[in-house]
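S.K.: Shown below is the structure under consideration.
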Amino acid sequence: MTFYDALTIAMDERGMEMPELCEKTGFYASYFSKLKSGHIKDVTWQKALVICDALGITPDQLMEIQLRDTHE
């Protein structure tokens, strides 16, 4: 599962839409679009922390989402 896939699940679980995430992170929607399409392959640690903070989760919780979905 990609970072974007886990991000999408985390957003769904919190009832958050992309415009709200963009507002909370300060990142443009084009950043997430490039992440989704694979044009951006690696998320920097700093950006991952900003995204997790905006979602109100820890990086460990985001990793748990990735692992949970992988094992289902």
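S.K.: Say whether the condition of being exposed (fewer than 13 other Cβ atoms within 10 Å of the Cβ), in contact with a helix residue (DSSP H, G or I) (Cβ under 9 Å, 6 or more places away or on another chain), in a helix (DSSP H, G or I) and not hydrophobic (A, V, I, L, M, F, W, C) is met by at least one residue in the stretch 22-32. Before the answer, list the steps.
M.R.: Taking the stretch 22-32 as the starting set, the residues that turn out to be exposed (fewer than 13 other Cβ atoms within 10 Å of the Cβ) are 23, 26, 28-30.
Next, from what is left, pick out any that are in contact with a helix residue (DSSP H, G or I) (Cβ under 9 Å, 6 or more places away or on another chain): 23, 26, 28-29.
Of the ones still in play, those that are also in a helix (DSSP H, G or I) are 23, 29.
With the extra rule that they be not hydrophobic (A, V, I, L, M, F, W, C), the set shrinks to 23.
Yes, the stretch 22-32 has at least one match.
S.K.: Separate question: Just the residues that are of a type outside the set (A, V, I, L, M) and more than 19 Å from Met1 (Cβ to Cβ), please, taken from the stretch 45-72. Can you show your working first?
M.R.: So the first thing to find is which residues in the stretch 45-72 are of a type outside the set (A, V, I, L, M), and the list is 45-47, 52-53, 56, 58-61, 64, 66, 68-72.
Correct list: Gln46, Asp53, Gly56.
S.K.: Of all the residues that make up the stretch 1-24, how many are over 19 Å from Gln66 (Cβ atoms) and in contact (Cβ under 8 Å) with a residue 24 or more places away in the chain?
M.R.: Looking only at that region, the number is 1.
S.K.: Condition (residue is in contact with a Cys (Cβ under 7 Å, 6 or more places away or on another chain) and of a type outside the set (Lys, Arg)) applied to the stretch 3-20: is it met by at least one residue?
M.R.: Going residue by residue through the stretch 3-20, those that are in contact with a Cys (Cβ under 7 Å, 6 or more places away or on another chain) are none.
Scanning the stretch 3-20 turns up no residue that is in contact with a Cys (Cβ under 7 Å, 6 or more places away or on another chain) and of a type outside the set (Lys, Arg).
S.K.: Taking the condition of being among the small types (Gly, Ala, Ser) and touching a helix residue (DSSP H, G or I) at 6+ places or on another chain (Cβ under 8 Å), how many residues in the stretch 35-53 meet it? Reasoning before the result, please.
M.R.: Taking the stretch 35-53 as the starting set, the residues that turn out to be among the small types (Gly, Ala, Ser) are 37-38, 48.
Filter once more, so that each one left must be touching a helix residue (DSSP H, G or I) at 6+ places or on another chain (Cβ under 8 Å): 48.
Of the residues in the stretch 35-53, 1 are among the small types (Gly, Ala, Ser) and touching a helix residue (DSSP H, G or I) at 6+ places or on another chain (Cβ under 8 Å).
S.K.: Scanning for something in a loop (DSSP other than H, G, I, E, B), farther than 18 Å from Ile9 by Cβ and among the polar types (S, T, N, Q), does the stretch 39-56 turn up at least one residue?
M.R.: yes
S.K.: May I pose another question? On the basis of being in contact with a helix residue (DSSP H, G or I) (Cβ under 9 Å, 6 or more places away or on another chain) and modelled with pLDDT under 95, does Ile65 make the cut?
M.R.: Numbers: in contact with a helix residue (DSSP H, G or I) (Cβ under 9 Å, 6 or more places away or on another chain): yes; modelled with pLDDT under 95: yes.
Answer is yes for this residue.
The values are calculated or read from the model by the stated rules, or taken from the named source; none is laboratory data. A quick note: this is a predicted structure, and the numbers were derived from the prediction, not measured. Ideal geometry is used to build each Cβ from the backbone, glycine not excepted, and the neighbour counts take in all protein chains shown.
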